[in-house]
1. Can you tell me how much longer the chain between residue 195 and residue 474 gets when fully stretched, taken as 0.36 nm per residue apart minus their C-alpha distance, in nm with one decimal?
2. Label the stretch 300-369 by shape, choosing from rounded, prolate and oblate, from the square roots a ≥ b ≥ c of the eigenvalues of the Cα gyration tensor; if a/c is under 1.5 it is rounded, and otherwise prolate applies when a/b is larger than b/c, oblate when it is not.
3. In nm, to one decimal, how far is the residue 23 label point from the residue 276 one, both placed 7 Å along Cα→Cβ?
4. Rounded if a/c is under 1.5, else prolate if a/b is larger than b/c, else oblate: which is the stretch 171-257, with a ≥ b ≥ c the root eigenvalues of its Cα gyration tensor?
5. Could you state the angle between the C-alpha long axis of helix 398-424 and the longest principal axis of the C-alpha atoms of the chain, as a value from 0 to 90 degrees rounded to the nearest 10?
6. With a/c under 1.5 counting as rounded, go ahead and sort the stretch 1-138 into rounded, prolate or oblate using the C-alpha gyration tensor (a ≥ b ≥ c being the square roots of the eigenvalues; past the cut-off, prolate if a/b is larger than b/c, else oblate).
7. Given labels modelled 7 Å from the Cα in the Cβ direction, how far is it in nm from residue 234 to residue 497?
8. In nm, what is the difference between 0.36 nm times the number of residues separating residue 222 and residue 3 and their Cα-Cα distance?
């Protein structure tokens, strides 16, 4: 117990120290929200990765999908690395950094407003972000309850409130730079922790080959009658597994808190290095989480999934580990949750402040006032998410947990296609964006409240979210081709940023010289 408490206290002390150390970098809007657009490759890559993977992945998704698909669940982690990290950096990174700086945009809704010359579009994107970020944030606390109950035997409420307060303090104090530096440290913890836990869990079952042999003997006639299916390449349900891969991988392309990491990139070198580091991080952390979860059925005798749910799988798997490793796991999950929470609250507060309050107010507000408003909204946003998390825990309101998938699907489904086409295609229209927004939000709400009336494959929020993202990639260009074209001169001026000369055209490389 002393070891576990000591690890947690050291972790919290370091996070707070960094937050207060970065105060001088968070005195204006650009510094507070984007770190002055001067964040290096390692910090940016780790900020991207740690915002991507939270306790939802480690405790929730890894346990659930590992149980359903066996070792094949590892494909979700591989997809996260290749689609969600490598391709995201390659396709979005450079162009996002160039155009958002050219438009002087600090948030995704602001990008939509300036790119398509539509305040209404910006307001709609801000509202969607704010509404669907709250349940997403609340769900981050869910994975902590069982772990802290197992490791410390303390009330879940104490854990949630402590985590929220400490995250709020360092984000409020240091803004994006404090978040990025803490994300780097938290990312290192996640890398070491996941490798150590996988090794220990497999060792408890006789090693990798012995564990794999045991998985090949596992059967569940309710899912599949094929022998050894849970140790097979594609598992018992490849179609639904594909939906998981698409939602958890392609979804990052349309999530504001993920895309905003590209706004802060410093130079061309940062993109090249960041792409490699972020991809490697995702392979180890996401691949490791889902790979570990794939062995969950080896602990079936200790788990009552019907009674305790999928969230009980990973905690049960690690409950027999030495105290030091359990302490590492607790810090790992804290790191994953706090890094994602800090990213979400910063994104939400900046969106409301810059896109709604400043954007719609006739009164001029200086940077000091705007930063103060953002700090206040961070407190409000965290408080709301804590209340929702505690209500769910005490009342066992399951629909809030389900809303995590709805949140991801609604935001990614609404924003992915408009953002991607907005960066690359001059013919993208505001009408195409509106149709993508409306379709994704309405479809995911239907899935939440009347999902039983949808085709069986789309009743799952995971598959529904993946469908919305793919549908948006068709809806935006089709609607754009048949609606009023944007002003040619304005579009040309917007895309002129890519033709700016550095050593080559800027669409090929960012300049390392800030004055260029």
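1. Values: separation 279, 0.36 × 279 = 100.44 nm, distance 4.00 nm.
The residue 195-residue 474 span can extend by a further 96.4 nm.
2. Because a/c hits 1.5 or more and a/b fails to exceed b/c, the stretch 300-369 counts as oblate.
3. Using points 7 Å along Cα→Cβ, the separation is 3.9 nm.
4. Oblate shape, in that a/c is at least 1.5 and b/c is the bigger or equal ratio.
5. Computed tilt is about 40 degrees.
6. Since a/c reaches 1.5 but b/c is at least a/b, the shape of the stretch 1-138 is classed as oblate.
7. Reported label-point gap for residue 234 and residue 497 is 4.2 nm.
8. Numbers: separation 219, 0.36 × 219 = 78.84 nm, distance 4.27 nm.
That works out to 74.6 nm of additional length.
None of the figures in this text is laboratory data; all of them are computed from the coordinates on show. Just so it is clear, the model here is predicted, and its values are computed rather than measured. A quick note on method: Cβ atoms are made from the backbone with ideal geometry, for glycine too, and the neighbour counts reach across all protein chains shown.
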